[in-house]
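Right, one structure below, let's go through it.
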Amino acid sequence: MRTPESELDSLEQSNQLRKLSHNESAAGATIVLEGKEYLNFSSNDYLGLAQHPKLIDAAIRSTQQWGTGTGSSRLVFGSQTPSKALEQWIANAKGTEAALVFANGYTTSVGTLSALVGKGDTIILDKLSHASLIDGARLSGATIRVFPHNNLEKLEKILQSVRAKSEPEQRCIIVTEGVFSMDGDTAPLREMINLKNRYGAWLLVDEAHALGIYGEHGMGLASQLACSDEIELQMGTLGKAAGSAGGYLAASHNIIQLLVNKARSFIYSTAAPPAQYAAGLAALKLIHSDEGSKLRAKLWNNLNLFAELTNTPVPESSIIAWQVGDTNKALSLMQTLREDYQLICPAIRYPTVPRNTARLRITITASHSEEHIHKLATALLELSEAN
Ligand SMILES: Cc1ncc(COP(=O)(O)O)c(C=O)c1O
């Protein structure tokens, strides 16, 4: 039998060994790792809400009223007011009949896909879909088809072949993301809606990285494109721009009832602490408000400034994929930025992204000051010139 040591060795040999560092700071523009302070360009807290007094206050009050834990699964003990209030708010904001919250986005993906499709059904995934969506697809037992990233022609070909073979009652779900987690680009939602309507499929859009960033009230890309009501499965997480934790699925009443009955990650798991739901609700209200708009404006100012200073196109989202290609080079660039410039810009490599597409995944947030953006741009330009 292979030993854990030999497995770790082989991960190290292939540059795939990952290690946890000790972080002594709260989420924010700066981070203290192993006792040293850095500027942090690795956070998905895009609007800086994880430290916002309104979220902290909501979490404290909720803990005082409801305690720290829930003690059981919601199917056993019911839905307490904080989870119910959050679900109602999400359903209203997304324009759906209902919504269901999970402990996080990962369990939302896995629970939703495995509950809604099975053997005989088909899931069609964008090639760059997040690992949680891939895992949900695998767990479901449905046939998995993959189309090249955002390639509508290939997607249509797959839909044609699926529909030519399948029985009318068999389900087909197309899966995409509002903003892609490792590339930061967006999905052509309107065109995908046309296709899914033409071929009788459903569309799942994971707005994990679009919530808070896109839409007049920050409700995501579908909201910005005014097409939310044509998407059967609107998914997202409260762990990124919402500065809290939790995942949600907004859909019709009957789809939500199916999830309550069949999503194993919902049924067989203790409900998240009420404080998590309360902070999530406070975050969504804030994102929706004028204060949220101001934070979005600050974020987009920072993104524009970065583009101007580095002479690169304005990013489509908070996520900047600084392409390197080779894994070793990406790791060494990350290291140099950390040691010589005190900047944390994580290198992302295979298997998180396809082979030979290693990159720095730089995230700019509303918490960064213009000075922070200048420091980042200067470092990247100096290092690009040196190579
Ligand atoms: C696109 C996407 N979906 C889902 C998730 C999972 O969300 P959570 O972190 O809340 O589990 C992530 C997190 O990285 C993500 O990037």
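Here are the numbers:
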{"quantity": "Cleavage-rule hits (chymotrypsin sites (Phe, Trp or Tyr not before Pro)) in segment 259-330: DSSP loop, at most 12 neighbouring Cβ within 10 angstrom", "calculated": "268"}
{"quantity": "Separation of alpha-carbon centers, segment 261-307 and segment 74-104, rounded to whole Å", "calculated": "14 Å"}
{"quantity": "Trypsin sites (Lys or Arg not before Pro), loop per DSSP, at most 11 other Cβ atoms within 10 Å - longest free stretch of the chain", "calculated": "120-354"}
{"quantity": "Pair residue 350, residue 5: separation of 7 Å Cα→Cβ label points (nm)", "calculated": "2.8 nm"}
{"quantity": "Leading residue at positive end of dipole, segment 53-288 (Cβ point charges), from 282, 68, 175", "calculated": "68"}
{"quantity": "Centre separation in Å (Cα based) which lies between segment 327-362 and segment 128-207", "calculated": "29 Å"}
{"quantity": "Partner lysines for residue 262 [C-alpha distance under 25 Å; skip if fewer than 8 residues away on the same chain]", "calculated": "84, 94, 119, 196"}
{"quantity": "Kyte-Doolittle at least 0.5, axis length at least 15 Å by Cα - qualifying DSSP helices, the chain", "calculated": "105-116, 274-288"}
{"quantity": "Relative contact order of segment 53-288, pairs being alpha-carbon contacts under 8 Å that are 6 or more residues apart, as %", "calculated": "32 percent"}
{"quantity": "Residue with peak Gaussian network fluctuation, the chain [Cα springs, cutoff 10 Å], from 161, 72, 62", "calculated": "161"}
{"quantity": "Rg/Rh (Cα only; Kirkwood hydrodynamic radius) as it applies to segment 53-288", "calculated": "0.97"}
{"quantity": "Cα gyration tensor shape of segment 1-139, rounded if a/c is under 1.5, else prolate or oblate by comparing a/b with b/c", "calculated": "oblate"}
{"quantity": "Helix-only mean residue ellipticity at 222 nm for the chain, each DSSP H run of n ≥ 4 adding -39500 (n - 2.57), per residue, nearest 500", "calculated": "-14000 deg cm²/dmol"}
{"quantity": "Rounded if a/c under 1.5, otherwise prolate or oblate - segment 51-103, Cα gyration tensor axes", "calculated": "oblate"}
{"quantity": "At q = 0.12, 0.14, 0.17, 0.20 Å⁻¹, base-10 log of I(q)/I(0) for segment 270-365 (Debye sum, equal scatterers on each alpha carbon)", "calculated": "-0.58, -0.73, -0.89, -0.98"}
{"quantity": "Length released on extending from residue 289 to residue 269, taking residue separation times 0.36 nm less the Cα-Cα span", "calculated": "3.9 nm"}
{"quantity": "Net charge dipole size for the chain [Lys, Arg +1 and Asp, Glu -1 on Cβ; Debye, nearest 20]", "calculated": "1000 debye"}
{"quantity": "All lysines inside 28 Å of residue 375 as judged from Cα atoms, apart from same-chain residues fewer than 8 positions distant", "calculated": "19, 36, 240, 294, 298, 329"}
{"quantity": "Descending Cα extents along the principal axes, segment 248-311, whole Å", "calculated": "51, 25, 23"}
{"quantity": "Whether segment 188-323 is rounded, prolate or oblate, judged on the alpha carbon gyration tensor where a/c under 1.5 counts as rounded", "calculated": "oblate"}
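Read-outs throughout are calculated quantities, based only on the coordinates presented, and are distinct from any laboratory measurement. A quick note: this is a predicted structure, and the numbers were derived from the prediction, not measured. Note that we place each Cβ from the backbone using ideal geometry, even for glycine, and neighbour counts take in every protein chain shown.
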